[in-house]
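The values are calculated or read from the model by the stated rules, or taken from the named source; none is laboratory data. Predicted model, so just to flag it, every value in this text is computed and none were measured. Cβ: placed from backbone, ideal geometry, glycine included. Neighbour counts: every protein chain shown.
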Amino acid sequence: MLIGFADALAAPEAAASLLGAGYRVAGFARRGRSIALRHMSAVEIVEVSAPEEDFAACVHEVAAAAGAHDVTMPLDDPAVLVCDRGIPPDALVAGARGARAEVALDKRMQLQAAADAGFAVPEWEELVAEEARPELAGDWARPIVLKPALAAEVRDGRLRRLSPRAVATSGELDELRRSWGPETPVLVQRWVSGTGAGVFGLADHGGVHHLSAHRRVRMMNPAGSGSSACASAPVDPELVDPVRRLLAGVDWQGMFMVELLRTEDDWWFMELNGRPWGSLALARRLGFEYPAWTVARLLDEHAVLPEQPAFEDLLCRNLGRELVHLMFVLRGPSSPNDRWPGRVETLRALCARGNRTAWYNLQPGMRSLFLSDAWRTLARQTWEKGRA
């Protein structure tokens, strides 16, 4: 097995899943990058050019590495793009290829497919290249969200990733739009406030199965970011049919995450993640070995998978992200619009001990990786970003 990029948030858990199923695992990593996965001695690290510096060289080198392995699994959006561009069509890839890769990377296609499947989708529109500011209808309340239409793209021979941003004024919108460049496809979408959630599973010849779900407990940055803690949740029966229609509509195969927001009156579709996701640790602690199962069904479409694990209440936390969350809370909000947790309540929540709590990346033989990942997370969010 070849997995990558090796610094993806899901990399340690994906590697552990595959190793536990008896596969030999190597990970491709940006050359010279310090990564926690190096502390997993059973995983060989193959260094390649950083796609942000030379996309073509990276594609060539990943394709060469893939040729020496039976199956390649992209772990994040840049890897989906690199693998789709470089790995031959007849090679085995446990991830999105061709039209499925296009869906995995293009938010416009996902939003349309979700609406067709019956999901509630926050109102959105695409900005044309000539516009500095959209002519929004009068009922578009601020803040709104400006999103890159593509999860990863190539500009001037280099891979580029942009992050969604909430904007409260026309001036902020104009400035952000100019900084991204007129050639970048951009969406503007109505802001929806709710609790982050996800539905996970496998899609293959047997349909959609082995579904699980979680809800977000804390975000690394309370103003908006990935989660630092999440909890298991029962799969809401009203979501099952829309999930099935969505995946059938885009002819999806393999593992998936449907990211949602829960409000008082509805489930809102956010995006489809067509590769392992950051909170993979929670699914694995509950018995859902999605990476290993995906490969098993890729190699043999009739491979017998374990029975659906029974539901359990479980909280799963990322140590580095929890510490970053605390730092954000202690610093205080950077904008009057930010909804901010109290310092005392945050300290109590972070120090609370429960019987049903697990940690990302902490399993037998992974203690050094666990501590290394926490340290690197802190470094990326403090010193490195401070110097930038």
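Worth a mention:
- Residue check, Ala8 crowded, with 18+ Cβ neighbours inside 10 Å, under 15 Å from the mean Cα position of the chain (by Cα) and hydrophobic (A, V, I, L, M, F, W, C): yes
- Annotation: of all residues in region 273-287 being of a type outside the set (Lys, Arg) and surrounded by fewer than 23 Cβ atoms within 10 Å (Cβ to Cβ), the one that is modelled with the lowest pLDDT is Gly278.
- Among the residues of region 200-218, those that are surrounded by 18 or more Cβ atoms within 10 Å (Cβ to Cβ) and more than 17 Å from Pro291 (Cα to Cα) comprise His214, Arg216, Arg218.
- Scan of region 182-209 for residues that are under 29 Å from Glu307 (Cβ atoms) and either basic (Lys, Arg) or in contact with a Phe, Trp or Tyr (Cβ under 8 Å, 6 or more places away or on another chain) (or both), ordered by number: Ala197, Gly198, Phe200, Gly201, Leu202, Ala203
- Entry remark, region 202-211: residues being at pLDDT 95 or above and on the phi > 0 side of the Ramachandran plot number 1 in total.
- Region 25-54, subset surrounded by fewer than 18 Cβ atoms within 10 Å (Cβ to Cβ) and within 21 Å of the chain's Cα centre (by Cα), residue farthest from Arg97 (Cα to Cα): Ser34
- Yes/no for Trp383 being of a type in the set (Phe, Trp, Tyr) and either closer than 14 Å to Ser34 by Cα or modelled with pLDDT under 90 (or both): yes
- Only listed residue being more than 20 Å from Leu162 (Cα to Cα) and under 21 Å from the mean Cα position of the chain (by Cα), chosen from Ala63, Ala114, Ala57: Ala114
- Taking helices (runs of 4 or more DSSP H) as the structural unit, those lying wholly within region 11-114 and holding at least 1 residues that are basic (Lys, Arg) correspond to 77-86, 98-105.
- Candidates Val329, Val344, Val295 - the one that is touching a Lys or Arg at 6+ places or on another chain (Cβ under 7 Å), over 22 Å from Ala213 (Cβ atoms) and not polar (S, T, N, Q): Val329
- Unmet criterion (only one of (1) surrounded by 13 or more Cβ atoms within 10 Å (Cβ to Cβ); (2) free of Cβ contacts under 8 Å to residues at least 24 places away in the same chain; (3) over 29 Å from Arg33 (Cβ atoms)) for Glu307: (1)
- For region 227-248, residues that are within 15 Å of Gly287 (Cα to Cα), exposed (fewer than 15 other Cβ atoms within 10 Å of the Cβ) and free of Cβ contacts under 8 Å to residues at least 60 places away in the same chain total 0.
- Hey, Glu301 in the same structural domain as Pro242 (by TED's automatic domain parsing), more than 19 Å from Ala10 (Cβ to Cβ) and either in a helix (DSSP H, G or I) or at pLDDT below 95 (or both) or not: yes
- The residues on offer are Val243, Val208, and the sole one that is within 27 Å of Ala117 (Cα to Cα) and either assigned by TED's automatic domain parsing to the domain that holds Tyr360 or outside any strand (DSSP E or B) (or both) is Val243.
- Residue satisfying all of: in region 11-22; aliphatic (A, V, I, L, M) and touching a helix residue (DSSP H, G or I) at 6+ places or on another chain (Cβ under 6 Å); surrounded by the most Cβ atoms within 10 Å (Cβ to Cβ) among these: Ala14
- In region 184-226, the residues that are within 22 Å of Pro333 (Cβ to Cβ) and free of Cβ contacts under 8 Å to residues at least 12 places away in the same chain: Ser225
- Criterion (of a type outside the set (Phe, Trp, Tyr), over 19 Å from Leu19 (Cβ atoms) and part of a strand (DSSP E or B)) met by exactly one of Glu271, Glu312, Glu307: Glu271
- Filter result for the condition that a residue is buried (at least 18 other Cβ atoms within 10 Å of the Cβ), at pLDDT 90 or above and not in a strand (DSSP E or B), over Leu173, Leu187, Leu162: Leu162
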